[in-house]
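Engineer: Questions regarding the structure given below will be posed in turn.
The values are calculated or read from the model by the stated rules, or taken from the named source; none is laboratory data. In this text the structure is predicted, and so the values were computed from the model without any measurement. These accessible areas exclude ligands, DNA and RNA; they are computed on the full protein's heavy atoms, side chains included. Shrake-Rupley method; radii C 1.70, N 1.55, O 1.52, S 1.80 Å.
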Amino acid sequence: GLDFVTVQSSETLLPGVVNIGAYWNEAWDALPRFQNQPGSDDRLLGMDLNLGVGLANRWDAGISVPSVLDQSITSPQGGFAGRYSSTGVTEVKLNTKYRFLGENDGGLAAVFSTNLNLIQNNPYSGEGAGPTWNLEGVYDRTFGKVAAAVNVGYRIRKSGTPIAGVPIQPFGNQWIASLAANYLVESWDTKVIGEVFGSLPASSTNANEDRQSKSIEALLGLKHDFTTNVAGHFGIGRELASGLASPDFRVYVGLNVQFGPIFADSTESVEPLDGELSTHDPRAPRDTFALRKIQFDFNSSALKPESRPILDELAAYLRKHGFKTLTIEGHTDSIGSDAYNLRLSN
């Protein structure tokens, strides 16, 4: 919900900030179809609920709960296709992200997540399967009104034993990768988003179904900021390579809300980096401080009371070391448009 839809950016939620998202997804021809069998026409209505919270500077965590709300399958006589035995929650996903490098114009992060399968008798995970673990590296960069990101990672599956009577081998480990870019249309407070994402098996698999363990899909969507903390999503997706999780076509809508911070970050506030020399006067030493805990009320330039002791600490340090000149740099977050944030920062 920060910059893209399915692709991660390196940006993390600020400490104590909470992000809640809900996505509804209508997909056509998404269920498995098997070789030497007539195909079927199917439609799935799903929903994803997402919750994220900033834990500390450069570190956040979240939980996602996808579910199937409705399904409709039409199979010709003699045809056979996979289907869900019932609607409801299909899995629980836990994730955490840490940003190693970067500021407003991009950075580098790592994402670790696990999927807990809740589907009974799932032939693609197998009987007695354990959690799936995912580790991804994230790199993104902003160029003016354009932001781009790439994710590359590896998925480790604790597959179970094949289900008796079902001609399907459980999936093994996979390589996962994705690309994304967005363009900000300032006059509309809207980002145009394009993504390509998918997975490939890390080892060869049997070819007993039309939809293999690979999956490649493209997405085109819009993210509109209704306010600085409420955004709406709309878009379409289509498979580029036939895969189990890739429908022929999909349409999605979503709503994203941020609020907080609901708690203060207690980590160290002043981080001096001594010894750096000024470019305009090499004789004058310059200390640089990263005051990441200076916070303002949301949608406001009013300083939070808990930020004032940090400034007092900085002022005492400057007086003690005889500094005569102070230059302050700051920034807003990425929720609002550039024009709005410029007015707020001024």
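Engineer: Ignoring solvent entirely, what values of log10 I(q)/I(0) come out of the Debye formula for the range 102-215 at 0.13, 0.14, 0.17 Å⁻¹ when each Cα is a single scatterer?
Structural biologist: -0.64, -0.71, -0.88
Engineer: How large is Rg/Rh for the range 101-144, to two decimals, with Cα atoms and a Kirkwood Rh?
Structural biologist: So for the range 101-144, dividing Rg by the Kirkwood Rh gives 1.28.
Engineer: Also, I was wondering about something else. For Lys304, Lys214, Lys320, write out the residues from largest to smallest accessible area, computed with a 1.4 angstrom probe and no ligands counted.
Structural biologist: Ranked from most to least accessible, the order is Lys320, Lys214, Lys304.
Engineer: To the nearest 10 Å², what's Asp70's accessible area with a 1.4 Å probe?
Structural biologist: Here the residue's solvent-accessible area equals roughly 60 Å².
Engineer: Given just the C-alpha atoms of the range 38-188, how large is their convex hull per residue in cubic angstrom? Each step should come with its number before you reach the end.
Structural biologist: On the way: hull volume 24.7 nm³, N = 151.
It is 164 Å³ per residue.
Engineer: Moving on. Can you pull the three principal axis extents for the Cα set of the range 146-199, in Å, largest first?
Structural biologist: Principal axes ranked by extent give 58, 21, 13 Å for the Cα atoms.
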